[in-house]
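Comments concern the structure below.
The values are calculated or read from the model by the stated rules, or taken from the named source; none is laboratory data. This structure is a prediction, so every number in the text was calculated from the model and none was measured. Cβ placement follows ideal geometry from the backbone for every residue including glycine, while neighbour counts extend to all protein chains displayed. For accessibility, only protein heavy atoms count, side chains too; no ligands or nucleic acids. Shrake-Rupley method; radii C 1.70, N 1.55, O 1.52, S 1.80 Å.
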Amino acid sequence: MAGRLFGTDGVRGQANKWPMTADVALQLAAAAGRYFRTDKQDHRVVIGKDTRLSGYMLENALTAGFTSTGMNVFLLGPVPTPAIGYLTRSLRADVGVMISASHNPAEDNGIKFFGPDGFKLSDEAEDAIERLMAEGVPPAQPQNIGRAKRYEDARGRYVEYAKATLPRRTRLDGLRVVLDCANGAAYRTAPAVLWELGAEVIPMGVEPNGFNINEDCGSTHPEQAARRVRETRADLGICLDGDADRVILIDETGRVADGDQIMGLIAARWKEAGILAGDSLVATVMSNLGLERYLEGHGIGLERTAVGDRYVVERMQQGGFNLGGEQSGHIVMTDHSTTGDGLLAALQFLSAMVETGRSASDLSNVFQPVPQKLINVRYADGKAPLDTDPVQEAIAQGEKALGKGGRLLIRKSGTEPLIRVMGEAEDMQLLDRVLNSIVDEVRAAS
């Protein structure tokens, strides 16, 4: 192997290049199949995917790898990532797999594994699978080769499950909702859920062709949806990403609300209802200082983690918390789901609109954010900009300049060759000067 396969969210890369090749996928599946086999006779794996063209190639390769070790494969087709977590448990599978590169462009793809409990794998489990892959996995005897079949009821089961997460008898009648599915995995399930609950659905991003996933649409490009909300006088806009594990909301004026605002609203409502476990929210170091201040005012603690929904979930499990997420729109509610679920988070927001009778603009602006700016700098293969002295010196000088009035967070992306340079400060001009100084040094070292 050319390096460690697993990143912060499974295995990811450009399709047909290492590690996103059919050969690697086959070997990886064989190793995962061997790792998850138990003493029971019926070994089972569920495989879902988003709408990328390369999903067909990887789906077939994974199927070959799993069946070669005696695992029976249930192929679910295009379904949201959170549906894999749910159906892995519901179908009593040994392992679940999602083929998706989430919000990345169509030429990328990825492979995410879920354990029998429906949660993403730990670092230890991923390392064990990589060791098995490096050692080579002996195939099953001919009579023990697994079977593969299409499981046609996956979408329907997830639709009913999603609807059941709302309070009993909650209906969305009278609400007009623009729904952007990013031409991705939720292009059929999300519109069905909202329509069956009574909403008038104005769909966008529901015509995938294998190449247009996340292309100028979805949670990373909400501009068109915001325009559609204003044109149609919709009550709310919902923007999912390619695998529907994150959401961005748009109020009736066209203003965008990120994950921090959504988490703030849900946390306060759950605290008032007495269902917020530990009276705390788990979020990452990226969440805005304004959210932290808002939560303090409501007697709610904030537990910060490293960037990545898997780290949020790990802290939630460790501390017994039931609400967490990321500013990017991953909202994790472990009473309902084992991973981020953009649709379920949107349903919680819609439920608040129904129960309070308040507009989306009232509910999606629960705190005033501290000015925050993020700049992504792409670096070349083999480069390590953060390890250079000029970059470290620029960061030190920036932290000194901001003092207690702001903060910096400079980190390497776990999914792309990017250095993410983020800062917060009340003084935006000072923040710009600090960030530009750091960015200049990072680019010089890239």
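See the values below:
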| quantity | calculated |
| --- | --- |
| Candidates VAL377, VAL332, filtered to the one that is assigned to a strand (DSSP E or B), closer than 30 Å to ALA162 by Cβ and either open to solvent by 10 Å² or more (accessible area, probe 1.4 Å) or aliphatic (A, V, I, L, M) (or both) | VAL332 |
| Selected residue [in contact (Cβ under 8 Å) with a residue 12 or more places away in the chain, open to solvent by 20 Å² or more (accessible area, probe 1.4 Å), over 23 Å from GLY110 (Cα atoms) and under 21 Å from the mean Cα position of the chain (by Cα)] from VAL193, VAL285, VAL201 | VAL285 |
| Breaking point among (1) open to solvent by 60 Å² or more (accessible area, probe 1.4 Å); (2) assigned to a helix (DSSP H, G or I); (3) touching a helix residue (DSSP H, G or I) at 6+ places or on another chain (Cβ under 9 Å), for PRO138 | (2) |
| Residue within the stretch 104-124 that is at pLDDT below 95, part of a helix (DSSP H, G or I) and more than 21 Å from ARG246 (Cα to Cα) present | yes |
| Pick from the stretch 215-255, criterion outside any helix (DSSP H, G or I) and of a type in the set (S, T, N, Q), ranking: most open to solvent (accessible area, probe 1.4 Å) | THR253 |
| Breaking point among (1) among the aromatic types (Phe, Trp, Tyr); (2) assigned to a helix (DSSP H, G or I); (3) over 21 Å from GLY308 (Cβ atoms), for PHE74 | (2) |
| Residue in the stretch 58-67 that is closer than 26 Å to VAL332 by Cβ, touching a residue at least 24 places away in the same chain (Cβ under 8 Å) and among the small types (Gly, Ala, Ser) present | no |
| Checklist (1) in contact (Cβ under 8 Å) with a residue 12 or more places away in the chain; (2) more than 15 Å from the chain's Cα centre (by Cα); (3) surrounded by fewer than 24 Cβ atoms within 10 Å (Cβ to Cβ) applied to TYR158, failing item | (3) |
| Lone unmet requirement of (1) surrounded by 20 or more Cβ atoms within 10 Å (Cβ to Cβ); (2) under 17 Å from ALA25 (Cβ atoms) for LEU87 | (2) |
| Total residues in the stretch 405-430, condition open to solvent by less than 40 Å² (accessible area, probe 1.4 Å), under 16 Å from ASN376 (Cβ atoms) and in contact with a Leu (Cβ under 8 Å, 6 or more places away or on another chain) | 7 |
